[in-house]
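Here is the structure we will look at, set down as structure tokens.
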Amino acid sequence: MLPFSWMWQDPALVVDDIRALRQGVAAEEKRLAEQERRRKARRIRKLVRMAKAGKLKGVA
């Protein structure tokens, strides 16, 4: 298969492929953002628990 064989395809098919690719990338970015948000929330909850227990003296 040639590296640029997609250039000789029907433009509508190329656009459909690009849209599908973009949807996949957007879904992955959304998943990563959600994962990062949960990680931050987990860290904040941990720090709050430590603060309530009085163990948060030297932690920045």
Return the aspartates and glutamates within reach of Lys40: Cα separation strictly under 20 angstrom, same-chain partners fewer than 8 residues apart disregarded; answer none if there are no such residues. Glu28, Glu29
If you line up the long axis of helix 11-53 against the longest principal axis of the chain, both from Cα atoms, how many degrees apart are they, to the nearest 10? 0
Within the accessible area of the chain (1.4 Å probe), percent carbon and sulfur: 61
Regression test value, accessible area per residue of the chain, probe 1.4 Å, units Å², expected 99
When the helices in the chain are scored as -39500 (n - 2.57) per DSSP H run of 4 or longer and the sum is shared across all residues, what 222 nm value do you end up with, to the nearest 500 deg cm²/dmol? -26500 deg cm²/dmol
With a Förster distance of 30 angstrom and the Cβ-Cβ distance between Ile18 and Arg42, calculated FRET efficiency to the nearest 0.05 equals 0.25
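The values are calculated or read from the model by the stated rules, or taken from the named source; none is laboratory data. Please read these numbers as outputs of a predicted model, since none were measured by experiment. Neighbour counts are summed over all protein chains in view; Cβ atoms, including those assigned to glycine, are modelled from backbone coordinates with ideal geometry. Only protein heavy atoms, including side chains, enter the accessible area calculation; ligands, DNA and RNA are left aside. Shrake-Rupley method; radii C 1.70, N 1.55, O 1.52, S 1.80 Å.
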